[in-house]
Amino acid sequence: MSRPPNLELIADDYGLGEGHDKAIRTLLKSGVIDGTSVMSTLCTSESAQALKGVISEVQSLGLHFTLTHGAPFSLTRNQVMLAALLGFRRDAFRGALQEQWDTFVRLFGFAPAYIDGHEHVHSFWGIRQELVSFAREKGVSVRSMRLLEIQGLKQRVIDQLGRGIYTLSTRQGVVTNERFAGVLPLEQPLDAVAELRRQLGNAAAWCRSHPDQTLCFMVHPGSAEDVHQIAGHPAVLRSLEASLLTEMQY
């Protein structure tokens, strides 16, 4: 059975490293995923050109807005959240968004189709207001994270952040997805792969029963051998995700 058209598989973190980028390009070229979110501050011109060579007209490229990795900030996710909540550095965060947008346009020659966020920073209170306003000005969509399933504190927090940016986006007329999935237990890679398979199956079933709504499924395929990795995300899991996505049946 084919994957429902309203189930969008989006690979995060393009630009992180050539091994990861190559794995994502392979999945795009074979039509396994529907697009990828680019970390423009890290993406090289060579990797951008290679991506342009495989992306199809029905696949999309987005801006993976980051304030914690590859950006001119030495802040953790919690520090970003606290600073935004208290009103600190908001001008700097908005400036970083504009800079990353401009870098994307310079790399690819066109604007991103949507904006999402590394570690979901785009949805933090105090940042999402600026980001949704920015997206409305640019005429692009925003990723929200109203989870299809909630299991545990981590998913509950992400769901609350997602509901906040979903509500704000819809009120301001910015296009966003209705549901979201792909939050995995990163501590145990093999368990994470099993959970990924289960969530993909459930997401496909949900999409078939809700054909008028869109579910964005976040994935992180890549290479365990790439020297560039992100703390807290096991390197081997990226390779395992790439393999599972290639063989997954819906």
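The values are calculated or read from the model by the stated rules, or taken from the named source; none is laboratory data. The shown structure was predicted, so the numbers you read here are calculated from the model rather than taken from an experiment. No Cβ is skipped: glycine too gets one built from the backbone with ideal geometry, and neighbour counts run over all protein chains shown. In case anyone asks, the SASA skips ligands and DNA or RNA and just uses the protein heavy atoms, side chains included. Shrake-Rupley method; radii C 1.70, N 1.55, O 1.52, S 1.80 Å.
Brief remarks follow.
- Amide H contacts of S60 (H built 1.01 Å from N, in plane; Pro and chain starts excluded): G35, T36 sit under 5 Å, all sequence-distant by 5 or more or on other chains.
- Binned Cα-Cα distances of the stretch 104-200, short to long, each 5 Å bin given as a whole percent: 3, 13, 21, 21, 16, 12, 9, 4, 0
- Among beta bridges identified by DSSP and lying wholly in the chain, the antiparallel ones come to about 0 percent.
- Estimated FRET transfer efficiency when R0 is 30 angstrom, pair Q49-Q79 (beta carbons, to 0.05): 0.30
- Cα-based shape type of the stretch 170-209, given that a ≥ b ≥ c are square roots of the gyration tensor eigenvalues and the cut on a/c is 1.5: oblate
- Solvent exposure of the chain as accessible area per residue, Å², 1.4 Å probe: 44
- Across all C-alpha atoms in the stretch 147-250, the radius of gyration and Dmax reach 15.0, 44 Å.
- Rounded D (µm²/s) - the stretch 84-157, Kirkwood Rh over Cα pairs, Stokes-Einstein at 10 °C, 1.306 mPa s: 117
- Stokes-Einstein, applied to the Kirkwood radius of the stretch 1-128 over Cα pairs at a viscosity of 0.890 mPa s and 25 °C, places its translational diffusion at 162 µm² s⁻¹.
- Computed over the stretch 18-83, the quotient of the alpha carbon radius of gyration and 2.2 N^0.38 Å is 1.30.
- Candidates Q98, Q151, Q199, ranked by Gaussian network fluctuation over the chain, Cα under 10 Å, top entry: Q151
- Summary value for the stretch 19-167: 21 percent relative contact order, contacts being C-alpha pairs under 8 angstrom separated by 6+ residues.
- Charge tally around I10: other residues with Cβ under 12 Å, Lys/Arg +1 each, Asp/Glu -1 each, net -4.
- The chain has equivalent-ellipsoid semi-axes of 25, 21, 19 Å, by the square roots of 5 times the alpha carbon gyration tensor eigenvalues, sorted largest first.
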